[in-house]
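The values are calculated or read from the model by the stated rules, or taken from the named source; none is laboratory data. All values derive from a computational prediction rather than experimental measurement. Heads up, the Cβs are rebuilt from the backbone with ideal geometry, glycines too, and the neighbour counts pull from every protein chain shown. We work out accessible area using only protein heavy atoms, side chains counted, and drop any ligands, DNA or RNA first. Shrake-Rupley method; radii C 1.70, N 1.55, O 1.52, S 1.80 Å.
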Amino acid sequence: MKPEQVPCKKCGRPFVSQKVFQQIRTVIREKKLGSFADRYELCQQCRTRAFAEGLLGNNVETVPKVKHVAKRRSEKLEPVKVDPRSGATVFKSQCYSCNSGCDVLVSVKEGRVTKVEGDPSSPVTKGTLCAKGLASRHVLYHPERLTYPMKRMGERGEGKWQRVSWDEALDTAARRFKEIQARYGKYSTALATGTMRGWMWHFYRFGNALGWQRTGPGLAQCATPRNTASTLVTGGLAPECPYYDSTQCMLIWGANPLATFPPKALGIMEARARGAKLIVVDPVLTETSSKADIWLQLRPGTDAALALGMLQVTINEGLYDKQFVKKWCLGFDELKERVQGYPPEKVEQITWVPRGKILEAARTYALSRPASITQALAIDQNADTISTSRSIAMLASITGNIDVHGGNVFTMKTGVPPPNVMTLRQRLTREDHEMRLGSKEYPLLAGEPARSLPSAHNATLWKAILTGRPYPVRAVYCQGNNMALSYANTKMVTEALRSLDFFVVVDLFMTQTSELADLLLPAATWLERDAITPSHQTSYNHIHLQQKVVEVEDCWSDYKILNELAKRLGVGELMFSSEEEYCDYLLKDTGLTFKEFKKRGIVSVPFTYRKYERDGFATPSGRIELYSQGLKDLGFDPLPSYREPTESPFSTPELATEYPLILTTGAREPVFRHSELRNIPVLRQIWPEPRMKINPKTASAMGIKEGDTAIVETLRGSVEAKAWLREDIDPRVVHVPSHWPGKNNVNLITDNEQCAPMIGSAQLRCQLCRVRRAE
């Protein structure tokens, strides 16, 4: 417990700062509110209980709890209909402003999109839609959208462009790629992509058809570490797939779904209304942690220690599912021995989470069956992301919460081919794997053992571009990826991009990255393309429809661009002749064509649970692998452990005297998508500027007031942000938002060289900094 916090008189949990507590006491005394005197020393939860006991006395236990679940408008599913009120044609589709993939209704009148809203017929999103989705037409018709191909005329970054035809642009790209590969070799050209926009698998298929390596900020930094770890433990992605119906407890780890993940937010709040417990692990009070029964406010970057500590409590107190562990878990005795090094007292010292809260959280999760875990990118950005995610997956596993109703489930087979088939991974040779940049240092990301889709390690790629070692990389094709803003160590990234011989960018707008391109190609939005979109993150047993409803000038879908470029590079036969043919291929095992699917609007598969009882787990042993022989064979620890951040008060105490604060970054602002959408006025009105969360006590010591411009410095440089004074953030921690451009770009001060073992994640959540008021 922090010394400046006051504990609840009844339960002992800290709930309010001394300053606020004294203010409450003064108001009660001055207003003569004596009737409240017995309650102001209680936390909110105990205060509610005390109020009920005051009304009902001993009868409080006999009164049923009111469980209110919001009633939502429901409609019959119609892929296309006419709105009788407006006369608009309404298309059922799926939003891809982010990869939540929310079902939507798109109204079109006189050839223009007039409205985008949530789809009440959706079994997943039930009519809800966030601000990003609602603003989709503002992106579609933004006056600054790129609407035709252009080639650079002046110096790189000078901003001089000339319009060209698509044929000229693609012929030029194919010719230059061939010339560079003829001079420097096959691996001298790389692909770069951002987070999935509905065509991710086709992008990988294009790369594998050519044998080119890929990179992206969302690979080592988001999803790949936790998905790889989940697969190592369970053989699949169940830890990524919480099933909130009937869950008794939700453990939300490194995520804020109530602000950034609408479909999951809907499930969480409905489960909460039914009485399910909510445990949240987050250094910052968020929309989600503010609703928690138990909030574990840990030191940034110490997630693995906390997970191992919860495992220790669960195992030592016998709270695990003994029957499931005996039959289905491999390596339990070895794990039991390992976690003895993480007793709650030690974990408290590492994480700053009080011992009592660690015990309470572990017991609540383990005893509330079924229980679910929701995880997200925060656990992909620390000093050992694989150990962190494996430990969390093991917590779900030993409590018997894998593939059960209300726990974490394996998605159903809907008929869509698995990624390895869609992406032609089988075409990659042993040489392709060995030559991929980072494959030796980070085999779970870049090597043949990668359980997901192998990707070059981005920092290693920048060095190869800049130095020519281990071989030269001289050309990059970039699709939907603002690399000059989204990767750690912006200075290194920008220098690398400027030094390329040839650089192609496909995007919606002119960005910090597209300004550096030789060729700039205009991409279509999700409203301008046909697609089918299964999503393991939000929809576990459905295939969803995305319909092209309009066209804007000379913009092409990512698919069409790749297909036309593939023809010119000699691999057109491995792609598809049209979007419809590609969708037909994805749907072939369902027995539907895309035209038939468009008339249905959705494909649903009935849920089954405990599929492992029939098939086993998709691991080498067919069981849950708490001990990984595969990792041992690669020379890594077969069991999870805690690795202290490279920069911290404990690993670098001398550095901490000069840079005394822990910098964490990467939390999402709810109206933006990574680096996107800050140019949309209706969204920028909601969140106009980057705000650094800093404790008032810390700010006061530096002469910083609410709204002041603050300078945040690390060993690598400095950035600016507006001070947002928050009592809920630890005085030893500051949070600086990511993906803001210019002098607000936090990646100007982040490190990309001290990376997590096995998979190469940058430690974006746990670096050291200092803060001062701008002059």
For 717-723, 116-122, 95-101, ranked highest to lowest by mean beta-carbon neighbours within 10 Å, the order is 95-101, 116-122, 717-723
The simple spin-label model distance between residue 727 and residue 405, using points 7 Å out along Cα→Cβ, in nm, is 4.4 nm
J(HN,Hα) series, region 610-623, from Karplus relation 6.51 cos²θ - 1.76 cosθ + 1.60, nearest Hz, glycine and proline x: 6, 5, 5, 5, 9, 10, x, 8, 7, 10, x, 8, x, 10
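Using 1/(1 + (r/R0)^6) with R0 = 35 angstrom and r between the beta carbons of residue 429 and residue 685, what's the FRET efficiency to the nearest 0.05?
On the way: r = 52 Å, r/R0 = 1.49.
Calculated transfer efficiency: 0.10.
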Amide H neighbours of residue 437 at under 5 Å, excluding residues fewer than 5 places away on the same chain, with H built from the backbone geometry, are 457
Percent of beta bridges antiparallel (DSSP, the chain, rounded to nearest 5): 55 percent
Treating cross-link reach as a plain straight distance, find the aspartates and glutamates whose alpha-carbon is under 16 Å from the alpha-carbon of residue 10, omitting any fewer than eight places away in the same chain. 38, 41, 53, 293, 360
Find how much the distance from residue 80 to residue 553 grows on full extension, using 0.36 nm per residue of separation minus their present alpha carbon separation; answer in nm with one decimal. 167.9 nm
Provide the gained length on full extension for the span residue 363 to residue 499, in nm with one decimal, where the gain is 0.36 nm per separating residue minus the Cα-Cα distance. 43.5 nm
Mind grabbing the accessible area of residue 424 for me, 1.4 Å probe, Å², rounded to tens? 10 Å²
Output needed: percent of Cα pairs per 10 Å distance bin for region 615-744, bins running from 0 to the one holding the longest distance. 11, 29, 23, 17, 16, 4, 0
If you average 1/r over every pair of different alpha-carbon atoms in the chain and take one over that average, what Kirkwood value in Å do you get? 27.5 Å
Find how many whole Å separate the alpha carbon centroid of region 247-321 from the alpha carbon centroid of region 665-700. 23 Å
Between residue 9 and residue 578, how many nm apart are label points set 7 Å from Cα along the C-beta direction? 7.5 nm
Surface accessible to a 1.4 Å probe, residue 358 within the full protein complex, Å²: 0 Å²
Given 160/743; 126/595; 277/722; 160/186, the pairs whose alpha carbons are separated by over 28 Å: 277/722; 160/186
Output ³J(HN,Hα) for region 745-756: one whole-Hz value per residue in order, computed from phi by the Karplus curve 6.51 cos²θ - 1.76 cosθ + 1.60 with θ = phi - 60°, and x for Gly and Pro. 6, 5, 6, 5, 10, 8, 9, 10, 10, 8, 9, 5
Label point distance in nm, residue 629-residue 743, each placed 7 Å from Cα along Cα→Cβ: 6.0 nm
Counting only helical runs of four or more DSSP H residues, what would the 222 nm mean residue ellipticity of the chain come to if each run contributes -39,500 (n - 2.57) and the total is spread over all its residues? -9000 deg cm²/dmol
Quick one: which residues, 5+ away or cross-chain, put their amide H under 5 Å from the amide H of residue 214? H built at 1.01 Å from N. 191, 456
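With r defined as the distance between the Cβ atoms of residue 448 and residue 20 and R0 fixed at 45 Å, what FRET efficiency is calculated, to the nearest 0.05?
On the way: r = 56 Å, r/R0 = 1.24.
Plugging the Cβ-Cβ distance into 1/(1 + (r/R0)^6) gives 0.20.
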For residue 611, go through the lysines and keep the ones whose alpha-carbon is under 26 Å away, minus same-chain ones fewer than eight residues off. 264, 322, 326, 327, 413, 588
